[in-house]
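For reference, the structure discussed in these notes is given below.
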Amino acid sequence: MSTTTVPSPPELSTLSIEIEGEIGTLTLERPKALNAISPEMIGELVLASAWLADRAPLRGLIVTGAGRAFSAGGDVTWFKGGLEDSELDLPSDVRRGADVLHQAIVDFRRIPYPVIGAINGVAAGAGFSLALMCDLRIASADAAFVCAYGRIGASPDGGMTYFLPRVVGPAKALELLLEDPLMSAEQALELGLVSRVVAADALIDQARAEVDKLAAKAPHYVRTAKRLVAQSLDNTLADHLQVERHGIADSMATEDLREGVTAFFDGREPKFTGD
């Protein structure tokens with residue numbers, strides 16, 4: 001009798017991955033530095049994102065931060081060190097770092113199951129970008145959001161100028177980038193940056209309830225809906241309708257479709273397994 005070996009998450013020091021059933025939690029783990037994104041964390045984000053996209057036995061993921069911040073963004077001490085050491089080529093160093101970070105974000109967006117951002121505190125700069133890469137965001141009442149790049153004269157990265165216009169529209173995105181307000185959780189809710197604001201002590205429970213609800217949906221439906229929405233702004237209508245055509249046709253070959261149709265006529269809730 002054969003047994004299936006469940007792949008273990010990679011060993012990490014600036015991040016942690018915890019798994020409970022079919023739900024994972026990815027936590028940014030540099031609380032003393034407000035989870036600032038250091039070169040080491042960037043390297044680990046690549047390992048984590050690839051594992052979560054390709055090997056993780058999951059149907060949902062929560063992304064959050066340890067301590068009182070979600071993430072303060074890029075580690076400014078990294079930039080300061082490069083400015084003070086004349087032997088370091090800071091532009092080249094950051095160019096390489098951004099390349100690695102951006103590969104991690106591409107892999108995060110390949111994750112085929114729902115990704116919920118549980119934004120527990122400030123999300124600034126690239127930390128705001130990491131929040132925006134999640135499919136949905138729930139914010140603690142203690143959360144705050146700020147683009148922040150312009151405050152040190154740096155330009156945006158981490159997908160900020162890709163995700164933000166898709167969430168709030170291009171005109172509002174440029175306004176937020178240029179005016180750079182510090183937005184409360186309630187202001188973020190008004191703008192549609194988050195779908196819900198909850199008490200700080202209820203954040204993870206609320207995120208878990210939401211991800212459990214989404215994880216119960218048919219995996220083919222979830223991954224195809226994610227892919228179709230991601231492609232929709234780049235495709236022509238005719239091209240996009242072809243992608244939709246193949247998606248719905250492929251769903252007809254799944255056992256989940258059989259279960260869904262049977263449950264519909266039986267008057268009960270379907271139980272989707274991913275087959």
Can you name every residue in the range 237-246 that is farther than 12 Å from residue 224 by Cα and either surrounded by 10 or more Cβ atoms within 10 Å (Cβ to Cβ) or under 26 Å from the mean Cα position of the chain (by Cα) (or both)? 239, 240, 241, 242
Is there a residue being farther than 26 Å from residue 51 by Cα, part of a loop (DSSP other than H, G, I, E, B) and not charged (D, E, K, R) anywhere in the range 123-140? no
Name the residues in the range 84-115 that are acidic (Asp, Glu) and either closer than 23 Å to residue 47 by Cα or in contact (Cβ under 8 Å) with a residue 40 or more places away in the chain (or both), would you? 93, 99, 107
Within the range 150-159, which residues are assigned to a helix (DSSP H, G or I) and either free of Cβ contacts under 8 Å to residues at least 40 places away in the same chain or among the charged types (D, E, K, R) (or both)? 150, 151
Hey, among 43, 67, 81, which residue is free of Cβ contacts under 8 Å to residues at least 60 places away in the same chain, at positive phi and either of a type in the set (Phe, Trp, Tyr) or not in a strand (DSSP E or B) (or both)? 67
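Hey, can you tell me all the residues within the range 133-154 that are out of contact with any strand residue (DSSP E or B) (no Cβ under 7 Å at 6 or more places or on another chain) and of a type in the set (Phe, Trp, Tyr)?
Of everything in the range 133-154, just one residue is out of contact with any strand residue (DSSP E or B) (no Cβ under 7 Å at 6 or more places or on another chain) and of a type in the set (Phe, Trp, Tyr), namely 149.
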Looking only at the range 235-268, which residues are more than 17 Å from residue 216 (Cβ to Cβ) and of a type in the set (Ser, Thr, Tyr)? 236
Number of the exception - residue 23 against (1) modelled with pLDDT under 95; (2) within 15 Å of the chain's Cα centre (by Cα); (3) aliphatic (A, V, I, L, M): (1)
Looking at the range 122-141, is at least one residue more than 16 Å from the chain's Cα centre (by Cα) and at pLDDT 95 or above? yes
Would you pick out the residues in the range 211-225 that are part of a helix (DSSP H, G or I) and more than 18 Å from the chain's Cα centre (by Cα)? 220, 221
Filter pass, residue 83 being in the same structural domain as residue 137 (by TED's automatic domain parsing) and surrounded by 19 or more Cβ atoms within 10 Å (Cβ to Cβ): no
Say whether the condition of being buried (at least 24 other Cβ atoms within 10 Å of the Cβ), of a type outside the set (Lys, Arg) and more than 30 Å from residue 5 (Cβ to Cβ) is met by at least one residue in the range 53-69. yes
Does the range 160-173 include one or more residues that are among the small types (Gly, Ala, Ser), surrounded by 15 or more Cβ atoms within 10 Å (Cβ to Cβ) and assigned to a loop (DSSP other than H, G, I, E, B)? no
All but one of (1) surrounded by 13 or more Cβ atoms within 10 Å (Cβ to Cβ); (2) of a type in the set (A, V, I, L, M, F, W, C); (3) assigned to a helix (DSSP H, G or I) hold for residue 249, so report the exception by its number. (1)
From the list 261, 211, 243, 229, exactly one residue is touching a Leu at 6+ places or on another chain (Cβ under 8 Å), outside the structural domain of residue 162 (by TED's automatic domain parsing) and either hydrophobic (A, V, I, L, M, F, W, C) or modelled with pLDDT of 95 or more (or both). Which is it? 243
If the requirement is being in the same structural domain as residue 25 (by TED's automatic domain parsing), closer than 23 Å to residue 133 by Cα and in contact (Cβ under 8 Å) with a residue 60 or more places away in the chain, which of these qualifies: 187, 206? 206
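The values are calculated or read from the model by the stated rules, or taken from the named source; none is laboratory data. Nothing here was measured: the structure is a model prediction, and the numbers come from that model. Every residue, glycine as well, gets a Cβ built from its backbone with ideal geometry; the counts of neighbours run over all protein chains shown.
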